[in-house]
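Submitted below is the structure of interest, expressed as C-alpha cells.
Quick note: the coordinates plus some simple rules give every number you see, no bench work behind them. What you see is a predicted model; the values in this text were computed from it and never measured. As a convention, Cβ positions derive from the backbone with ideal geometry for all residues, glycine included, and neighbour counts pool all protein chains shown.
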Amino acid sequence: MFGMIYVKKLKLSYLINIFILTVFFSCILPIENSEEDLYIQLEKEIMCPVCDGQTLDQSQSLIAEDMKNTIKEKIAQGYNKEDIKSYFVTRYGESVIAYPTIKGFNIFAYLIPILGLICSLFIFGFYIRKEKLG
Amino acid sequence: MNNFGFYIMILGLILSLHSSLFFFLGEIKNRKELINSAKRSFYIVILMVVISSFSLIYSFLANDFSNIYVANHSSLDMNRALTLVAFYSGNEGSLLYILFIHVILSGIMYKFSPSNIKSKLNFSCSILTIITSFYLFALIFFANPFEISEFIPLDGKGINPLLRHPGMYIHPPLLMSGLASISIPFVLCQGSLFDKTNSNNWHTILRVWCLISWAILGCGLLIGAWWAYTILGWGGYWSWDPIENVGLMPWLVLTALIHSIMVEERRGIFRLWNIILISLTFVLALLGTFINRGGPVVSVHSFAASTLGFLFLIFMIVMTFYSVISIIFNYKNLTNNKNKIESYLSREASLLLNNILLVVTSLVILWGVIFPVVSIILNDTEISVSAPYFDKTAGPIFLFIIILMGIGPILSWRMTTKKATIFRLLPSIIITVILGLYIYISGIKEFFPFISFVSIFFVLTIIFREWIGGTKSRMINSYNPIPSFITMIVSNRGRNGGYVVHIAILALAFGVVGTKFYDERLDINVSVSEEIEFRSYSILFKEIKQEFIGDNSITKAIFEISKITDLSKKNKIVAMHSYYPNYNQISVRSAILSTPVEDLYIIPKDFIDENNMTIRIAINPLAWWIWISGPILILGTLITLWPNKTKRN
C-alpha cells in the first residue's frame, strides 16, 4: 500500500518534470514568427556595433540607420536571413548578432541554463524524497 | 559650502567606524555604555549624511559651478525642479544619494524595531555601519561630489536630456533605494544568527523589510520600463540590458525570499535556505552596483560609469566571503529543526519549487550577463547576449512560475491529497478549458503565447474562485457581498495581499506576452495632411510645429487618430524630437494612444523638411496591462504590510 502511494507520487513529480522540460526545450528552439516581417526580425536580432548593447530597432544612431537601409536593400535583392546575418558578421564580427549562435563554445550559453534547471529540479525531487523518508 | 560638505563626510566616516566598532565590542563584552556610545554615533552619522546631501543640493541651487559635479550636471537655464534629478544624475551624486537612503532606512529600522528585538540588533547595526563606512570611504577617496575646480566655468554643462522626464523623479531613486534597502534585511538576518532563542519576531520584521525592499525595487524596475517606453522611442520597454538585468536579479531572489520566509514563520524549516537567499540577494545587489559603476559589460545605462567598479568588486567579494563564513559557522544551529516536508503536494513543496525556479531564473540571467566576458576570456571571441537569448531561456521558466503561482496557494500546509487538490482546481480547469478553446478559435495558435494566456487565465480563475468562496462563507449573516468581500480580504491580509500582488504579476505577464508576440510595425514616409490607414486606425498627419525653449529646439508632429469604424471620435497625439545642443543629442518622444486592447505607438524617426517626415507606426497589443500592474502591485503590498491589530496565531 505504502509502495503504491510512493510510486504514484513519484510519477506525478516525473510528469511535472517532463512537462517543464518539454516546454523549456520547445521554447529554446528558435521561434520563427512567420507573420513577422523579415526586416523587423533582423532588426531585433542584429546589434548596433557602436551603441553599447542596443539592437538596431532600439538605436537611432547613424550607423544603425545605415545598417537598416542595407538590410532593406539586401531583402529587396532576395537575400535570405542567414545570408544577411553572415554579411554583417564578416563586416563587424560575431558580436553583431544579438544572441550567441548555437555552435562551438557558444553552446555553453544554452547548455548551462538547461543543465542548471534539470539539476535543480532533480535536487528538489531528491530533497523532498529524503525529507519524506527521513 | 563645498569644503563644508566634504569635511562633514569625513567626520561621518570617523563616527561611523566608531559606531561599528563599539556596537561590536559592546555586544561581545556585554557593556551597555559602549553600546550607548555607538548608538549616539549611529544617529549622528545619519545627520552628517543628511547635512552633506543638503549642502550638495545647496550648491546646485546656488549654481556654484566651482563644484565640478555641479558644473557637469546642471546649468543656469536648468529648471530648478530638476535639481533633485541632477543630484543623482552622475556617479558621485548617485553614490551620495544611495548612502542617504541607506542611512535613513537604517535609522528607521533601528528606531522602529520592536523592543524585544532591539536589544539584539547590536551586531546587525555593526554590519550596517560598516556598509555606511564603505560608502563614505568611496565618496571621500574616489568619488567626491564636492571636488572643486580651479577654473570656474560661466555656465554648467546641463543635465543629460534623456533624464528630463517625469519618470526620472521616480525611476532612478526607487531603483537605487531598492538596491540600497536590501542591506537592511541582510543585516537583520545576520543579526538573527546571533539570537539563539529563535524568537518569532525576527520573521515578522524580516518579512516586512523584505517586502519593503521588494516593492521599492519592483516599482523602480517598472517605472524604468515605462520611461523607456515613453521616451526612448523604440517601442519597447525592456531590452534585457545588463543594468536592467542586475536590477531584476536581486528582485527575483527577493521574490523567492518573501515566499520562503512564510514557510519559516509557519513551520520553522527553510532557515538555512532563507539565509542563503538573503545573502545571495545582497551580493547580487552589490554586483549590480559594481556592474553599473564600471563593470566589464556594455550597457546603455552608462551614466554612472566610473573607475569605482573595482572598489565595489572588492566589497562584494568581502561580503560574499563573510556570508559564506557566517553560514558555515551557524550551520548546525540553522538545520536543527524537527519539522520536515511531508509531501510533494504541500504548500512547503510548492514554495520550495517556486524558490528554486526563481533562483534558477536569476542565475540564468546572471549567466547571460557575464557570458560575453566568459567568451572573451575562454574563447577569445567577442559576442553579444541580448534580448533574443533571454527571451528564450528565462521566458519559459517565468511561465512555470506563473502556473505554480496558481497551484501553490491552494495546497495546504504539510500535505494534501491529490483528490482534494483536483477537486479544488476543477472549476478553474473547466473554465480555463473553455477559455482556451475560445482563445484558440479566435486565432492565437502559436505554442508559447497560447500556453501563456491559458496559464494566466487559469491562475486568475483560481484566485477569483478562492475569493468568491471566501465571500460566500461570510455572507451567511448579510446579503450584501461587498462588505463580506472586504471583511474577507481584511481577515487575512497576508494571504489576500499576496493574491492581489499575484494579480498584478498576471497583468504584467499578460501585457508582456501580448507585446512580445503580437506587435506590428510599419515604417512609412508621410507628408502633412496625409491620411494613412493602419489596421483599424485612420491616422491623419496634421502638422509639424517648431518650438524653442532656451537652447533647445523642439520639433513636434501632431497626429489625429480615429478608429476606422468610428471616424467621428478623434484623438490628438503628439510626437516630438527635442534637440539639446549642449549634449549634441536628440531625445525622441513617441506619440502614444493607449487602450486596454492595444497601444497605437508612433515613433518620429526623421523630420525630412517642413512637410515631410518618416515615422514608424507600431501596434503594441496589451501594453496597457503592464503599466496597470504597478498600482495593483503597490496596493497588494500595502494590504500585506498593513499592521494587524489582533495578533494571529
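Hey, what do the phi angles of the range B:454-470 turn into as Karplus ³J(HN,Hα) couplings, whole Hz, using 6.51/-1.76/1.60 and θ = phi - 60°, x for Gly and Pro?
4, 4, 4, 5, 4, 5, 4, 5, 5, 4, 5, 4, 4, 5, 5, x, x
What's the FRET efficiency of B:K419 with B:K545 using the Cβ-Cβ distance as r and R₀ = 60 Å, to the nearest 0.05?
0.30
What is the ratio of the Cα radius of gyration of chain B to 2.2 N^0.38 Å, with N the residue count, to two decimals?
After normalising by residue count via 2.2 N^0.38 Å, the value is 1.04.
Would you please report the Å³ per residue occupied by the convex hull of the alpha carbon atoms in the protein assembly as shown?
Residue-normalised Cα hull volume stands at 189 Å³.
Check cross-link reach from B:K120 to the lysines: straight Cα distance under 20 Å, and skip same-chain residues fewer than eight apart.
Candidates past the 8-residue exclusion: B:K29, B:K32, B:K39, B:K111, B:K196.
Give me the Å³ per residue figure for the convex hull around the C-alpha atoms of the range B:1-80.
For the range B:1-80, the hull spanned by Cα atoms encloses 82 Å³ per residue.
If I model a spin label as a point 7 Å beyond the Cα along the Cα-Cβ vector, how far apart are those points for B:I586 and B:F142 in nm?
3.8
In nm, what is the difference between 0.36 nm times the number of residues separating B:K29 and B:N492 and their Cα-Cα distance?
Extra length available between B:K29 and B:N492 comes to 162.4 nm.
Another question, if that's okay. Of the listed pairs A:K68/B:K516; A:K85/B:K545; A:K130/B:K332; A:K72/B:K157, which have alpha-carbon separations greater than 30 Å here?
Listed pairs above 30 Å: A:K85/B:K545; A:K72/B:K157.
Non-local amide H neighbours of B:F534 (under 5 Å, H modeled in plane, Pro and chain starts lacking H): which ones?
B:I539
A further question follows. Given R₀ = 41 Å, FRET efficiency for B:L567-B:N79 by Cβ-Cβ distance, to 0.05?
0.55
Calculate the mean, over all residues of peptide B:603-611, of how many other protein chain Cβ atoms lie within 10 angstrom of the residue's Cβ.
Going residue by residue through B:603-611 and averaging, the value is 1.
Right, next: Semi-axes of the range A:37-99's equivalent ellipsoid from the Cα gyration tensor, sqrt of 5 times each eigenvalue, largest first, rounded to whole Å?
After diagonalising the Cα gyration tensor, the semi-axes are 17, 13, 10 Å.
Let me ask something else. Give a quick list of trypsin sites (Lys or Arg not before Pro) in the range B:2-101 that DSSP marks as loop, anything other than H, G, I, E or B, with at most 13 other Cβ atoms within 10 Å.
Passing sites in the range B:2-101 are B:R31.
If you bin every alpha carbon distance in the range A:72-134 into 5 Å steps from zero, what whole percent lands in each bin?
Calculated over all Cα pairs of the range A:72-134, the distribution is 4, 14, 14, 13, 10, 9, 8, 7, 6, 5, 5, 3, 1, 0 percent.
I would also like to ask the following. On alpha-carbon atoms, Rg over Rh for the range B:541-603 using Kirkwood Rh?
That ratio equals 1.09.
Can I ask one more? Could you calculate the FRET efficiency of B:T320 with B:V374 from 1/(1 + (r/R0)^6), where r is the beta carbon distance between them and R0 is 22 Å, rounded to 0.05?
0.75
Before rounding to the nearest 500, sum -39500 (n - 2.57) across all DSSP H runs of length at least 4 in the protein assembly as shown and divide by the residue total; then give [θ] at 222 nm in deg cm²/dmol.
For the protein assembly as shown, the value works out to -21000 deg cm²/dmol.
Can you list the equivalent-ellipsoid semi-axes of the range B:1-141, largest first and in whole Å, using the square root of 5 times each Cα gyration tensor eigenvalue?
Over the Cα atoms of the range B:1-141, the ellipsoid semi-axes are 33, 14, 11 Å.
If you don't mind, another one. Hey, rough spin-label estimate for A:V89 and A:L111, points 7 angstrom out along Cα→Cβ, what's it come to in nanometres?
1.9
Arrange B:T281, B:T335, B:T381 by Cβ neighbour counts within 10 Å, fewest through most, would you?
Ordered by Cβ neighbours within 10 Å, fewest first: B:T335, B:T381, B:T281.
Here is a follow-up. In nm, to one decimal, how far is the modelled label at A:C119 from the one at B:I608, with both set 7 Å along Cα→Cβ?
Each label point is offset 7 Å from its Cα along the Cβ direction, giving 5.7 nm.
Here's another thing I want to ask about it. Let me see the pair-distance distribution of the range B:520-625: every alpha carbon pair, 10 Å bin width, integer percents in order.
Bin by bin from 0 Å, the calculated values are 15, 47, 28, 9, 1.
Trypsin sites (Lys or Arg not before Pro) within the range B:336-442: which are DSSP loop residues with at most 11 other Cβ atoms inside 10 Å?
Filter output for the range B:336-442: B:K338.
Mind checking the range B:122-216 for chymotrypsin sites (Phe, Trp or Tyr not before Pro) that DSSP puts in a loop (not H, G, I, E or B) and that have at most 15 other Cβ atoms within 10 Å?
Those satisfying the criteria are B:F151, B:F194.
Cross-link candidates for B:K472: which lysines have Cα within less than 27 Å, leaving aside residues fewer than 8 places away along the same chain?
B:K418, B:K419, B:K645, B:K647
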